[in-house]
Structure formats: structure tokens, C-alpha cells
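Throughout, read-outs are computed from the coordinates displayed, never taken from laboratory work. Fair warning: this is a prediction, and the values are worked out from it, not measured in the lab. Don't worry about glycine lacking a Cβ; one is built from the backbone with ideal geometry, like all the others, and counts go over all protein chains shown.
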Amino acid sequence: MDSDSKLENSTKHKPLVSVLMAVYNGGDYLKLALESILNQTYSNLEILIRNDCSTDDTLKILKGYAEKDPRIKIFSNEENLGYLKTMNRLFKQVNGQFFTTQDADDISKPTRIEEQINLLTSDPEMAICGLNYTLIDSNGEKIESHKQIFTEPTEIKEVLKKDFALRCGKTMAKKEVLDQIGFYREFFLKLGYEDYDWLARASINFKIGYVPKELYLYRVHHSAVREWIKGQPTYGDDLIRFLLQQRIKYGTDGLDSDGTLKLEFDQYFKKFDEDYRSNPITHVMRYESKVALNKKQYLKSFTINFQAIKKAPFQFRNYKNLVYCTYIITRRILKV
């Protein structure tokens with residue numbers, strides 16, 4: 001029996017899962033990411049990859065793998081669109097009953113998809129499934145674990161109001177969620193956080209499950225992100241919490257409606273945006289302190305925090321960031 005026949009027999013009675021990957025100049029880590037998906041213990045996959053006008057060897061790598069595995073389907077943008085718009089194009093191409101995403105520099109452990117699909121199919125009402133993950137650096141070295149232990153879906157929803165623990169790079173969902181919620185909202189094009197916003201909206205009406213295992217390796221490139229963050233606001237999480245509270249209370253939010261809700265959101269957004277524009281360097285410093293925190297450079301993290309407070313003593317977020325870093329460091333030292 002040839003390999004194609006074996007694959008067909010092994011997937012005959014299993015639901016199709018669409019794996020989405022947007023990639024731009026991903027040559028350095030693309031092979032690792034692809035092989036982590038191709039080697040999944042769950043094999044009934046369609047792997048939809050959209051190349052966002054890469055200028056490195058990304059397309060060559062993709063074509064090489066596609067020639068060997070028919071599950072890979074390659075698409076190319078006519079012009080560079082960025083991550084958000086590229087993902088929205090991929091969402092339109094989902095054929096599976098379930099879908100998930102895989103970043104082009106991250107790694108999924110072999111049982112990731114199988115364990116998520118098993119949980120989702122064990123409960124007809126469950127529509128979204130997250131899991132624990134591990135932060136790694138550019139060299140693949142572990143930075144830290146991100147662990148959550150949930151026992152009830154209602155508990156997950158309460159946590160999501162405060163901390164977006166389920167990120168779409170680690171989340172699997174039924175296609176019906178995508179059909180009802182829609183795609184990423186372009187308001188977040190320059191802010192980031194589009195996946196947090198999508199999940200926050202989805203969490204209101206759909207039951208969420210959780211696999212309490214670290215089955216995804218999330219790569220953090222500190223130097224690259226630092227350059228990006230210097231030109232980008234860093235308050236997306238606050239905006240999403242505000243939008244989520246509006247949606248819980250009124251059934252919609254200021255991005256999807258006009259009138260009072262839009263006015264409330266515009267005023268809230270203006271407050272954060274003016275704060276950022278007035279002193280963007282302290283936003284960068286707050287990020288730098290968290291980078292040091294992730295690298296376990298605790299003294300450096302504290303030093304940067306105090307420098308930010310000295311530079312802008314009346315910015316409440318500087319003190320809030322100091323409290324957060326102190327809390328994380330204390331937990332790590334005490335191993336709570």
C-alpha cells in the first residue's frame with residue numbers, strides 16, 4: 001500500500017482540520033514550523049499557506065514541501081498586505097469542519113492537533129479549544145512556560161475578561177465560529193491584538209475547552225519586536241477589554257455600531273492614544289522591562305521600570321507595569 005493510500009485510510013472517518021499559515025520572509029524557521037505540522041499524529045489536514053510577497057527563499061521552501069505532500073496548498077498575495085489582511089484571506093479559504101493557525105516560526109508538538117480535536121469532538125457544545133504553550137527565543141531556548149488550569153468553561157470566560165490566555169496561534173475552533181464571528185477587524189491593523197479581539201468576541205457565545213499541556217512553542221524575537229514596537233501603540237489589550245465589556249452588556253461594541261457605543265469607545269481610545277503620543281518612549285520602556293522579565297533579567301527589569309517612572313512620574317501605566325513585573329518575579333521566585 002502506497003503512502004497516499006495509507007493517508008486516505010487513516011483519515012476516512014476523521015473531521016478535516018484546516019491549518020492556516022501566513023508567512024512573510026519566514027525562511028529561517030519555516031522548515032521547522034512546516035515539519036511540526038506535517039508530523040502531527042492527527043493527519044486529516046489541509047494546510048493553507050499564503051505567501052505575503054516574501055523576498056527570501058520562502059516560496060522555494062514552500063514549493064519543495066508541497067511537491068512531497070498534497071495536503072499543502074500555497075497561495076500568494078499580489079502585493080504585501082501584512083499579517084492581518086493575509087489571515088483574513090486565508091479564513092475565506094477554510095474547508096475544514098475545524099480550523100487552527102500556525103505561525104511560520106513557531107512549533108507544534110506532535111500530538112497538539114489530535115488532543116485539541118479529541119476534546120472538541122468529545123462535547124458537541126464545545127466550539128473552541130486552547131492549550132498551554134512555551135515561550136522560546138530565536139535560538140529555540142525556553143524562556144518560560146505559560147500554564148493555565150481550567151476546570152469549567154465559565155471559568156475560562158471569566159479569565160478572558162482580564163487576561164487573554166488563549167491566543168489564536170494556539171487555539172482551535174469550529175468553522176461555525178468563524179462563520180458567526182467573522183474575521184479579524186481591520187481597526188487592529190496597526191495595533192496588533194487582532195487575534196485577542198477575535199477570541200474575546202467568540203468567547204461570549206461559544207463554549208471553550210482547554211488542554212492543560214504545553215503543546216505549542218511560541219517563538220519571541222525580542223530585537224525584531226523592539227524595532228516594531230517603537231512605532232506602534234501598546235495599549236491594545238486595554239481596548240479589547242473595553243470592547244468586550246460593551247459587547248457583554250449591549251450585544252455589540254463601538255467598532256460594530258454607531259451612536260453612543262461608538263462615541264464611548266472613541267473617547268476611550270483617544271485617551272490611550274494621546275497618552276501614547278505624549279510620551280511614546282515610556283511605552284517602549286515598559287515593553288523593554290517585560291522583555292528583561294522574560295529573559296529572567298530581574299534587576300534590569302526593575303531598573304527600566306524605575307527609569308520609566310522617573311521620565312514620566314504622572315503616567316499611571318508606569319506604576320501598573322512595575323506592580324505587574326514585581327508580581328511575576330515574586331511568583332517565579334516562590335514558584336507559585
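Using θ = phi - 60° in the Karplus curve 6.51 cos²θ - 1.76 cosθ + 1.60, the 3J(HN,Hα) couplings for the range 54-62 round to 4, 10, 9, 8, 3, 5, 4, 4, 4 Hz; x is entered for Gly and Pro.
Spin-label model, Ile328 to Asn118: label points 7 Å out along the Cα-to-beta-carbon direction sit 3.2 nm apart. Taking amide H as placed 1.01 Å from N in the peptide plane, the amide H of Glu46 sits under 5 Å from that of Val17, Ser18, Val19, each at least 5 places away or on another chain. Spin-label model, Asn139/Asp258: points 7 Å from Cα along the beta carbon direction are separated by 5.7 nm.
Selection among Ala312, Leu334, Ser301 by position relative to the dipole of the range 296-336 gives Leu334 as farthest towards the positive end (Cβ unit charges, Cα centre). Taking Lys and Arg as +1 and Asp and Glu as -1, the other residues whose beta-carbon sits under 11 Å from that of Ser145 total +2. Using only the C-alpha atoms, the convex hull of the range 1-143 corresponds to 123 Å³ per residue.
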